[in-house]
Amino acid sequence: MVLFIILYGFFKKVDVYDTFIEGVKESFSMILNLFPTFIAMILAVNLFTNSGVLNFILSLINPVLDIFNVPGEIFPLAIVRPISGSASLAYLNTIFAKFGPDSFIGLLGSVMQGCTDTTFYVISLYFGSIGIKKIRHSMFAALFADLCGIVASIIVVNMFWR
């Protein structure tokens, strides 16, 4: 690919090196604009996951999850997934290690991981990179889509693997 770009620039008589340097210079300003957004997001994720709030919420919601035949161990994955993709993958790995990838909870976690997205990361990256500050409706729609993905994964896995 790099060789193709260099040859294409050579045939079009473009100074590839100077064009590359200009692109690098432009990327620094974009990185500086995104840096505060990433720091705030990382801080918020660490506060949420390390504060014990997740365990407290799980203790409150566990009776409701039992009614719908949903294992309580999957709830942290559903909560963390919109916040952090790497944290949700680490938690899914913990589920695999504890219950196995072919268990009901392992299958539910896999389907849930595929049905949802890292909403806060996506919105902070894309909206932050172009300077959009008013994200209320987009955030609501994205979190609603995550909720639909969570519910759909619970229904589908219960239908096919229970």
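Output the number of residues of region 113-147 satisfying the condition of being more than 12 Å from the chain's Cα centre (by Cα) and either touching a residue at least 12 places away in the same chain (Cβ under 8 Å) or not in a helix (DSSP H, G or I) (or both).
Keep residues of region 113-147 that are more than 12 Å from the chain's Cα centre (by Cα), which gives 126-141, 144-145, 147.
Okay, now just the ones that are also either touching a residue at least 12 places away in the same chain (Cβ under 8 Å) or not in a helix (DSSP H, G or I) (or both), so 128-129, 131-135, 138-139, 145.
Residues that pass the stated criteria total 10.
Where in region 6-100 are the helices (runs of 4 or more DSSP H), entirely inside, with at least 1 residues that are more than 24 Å from L143 (Cα to Cα) and open to solvent by 70 Å² or more (accessible area, probe 1.4 Å)? Fully inside region 6-100 and qualifying: 16-50, 85-99. Restricted to region 104-157, and to residues that are open to solvent by less than 60 Å² (accessible area, probe 1.4 Å), hydroxyl-bearing (S, T, Y) and over 19 Å from L89 (Cβ atoms), which residue is modelled with the lowest pLDDT? Of everything passing the filter in region 104-157, S129 is modelled with the lowest pLDDT.
Within region 52-72, residues that are under 16 Å from I154 (Cα atoms) and in contact (Cβ under 8 Å) with a residue 24 or more places away in the chain reach partners that are assigned to a loop (DSSP other than H, G, I, E, B) and open to solvent by 80 Å² or more (accessible area, probe 1.4 Å) with beta carbons closer than 9 Å, at six or more positions or on different chains, in the pairs N69/R162.
The values are calculated or read from the model by the stated rules, or taken from the named source; none is laboratory data. None of these values were measured; they are calculated from a predicted model. When we count neighbours, we look across all protein chains shown, and the Cβ atoms used for this are built from the backbone with ideal geometry, even at glycine. To get the accessible areas, we keep the full protein, side chains included, count just its heavy atoms, and leave off ligands, DNA and RNA. Shrake-Rupley method; radii C 1.70, N 1.55, O 1.52, S 1.80 Å.
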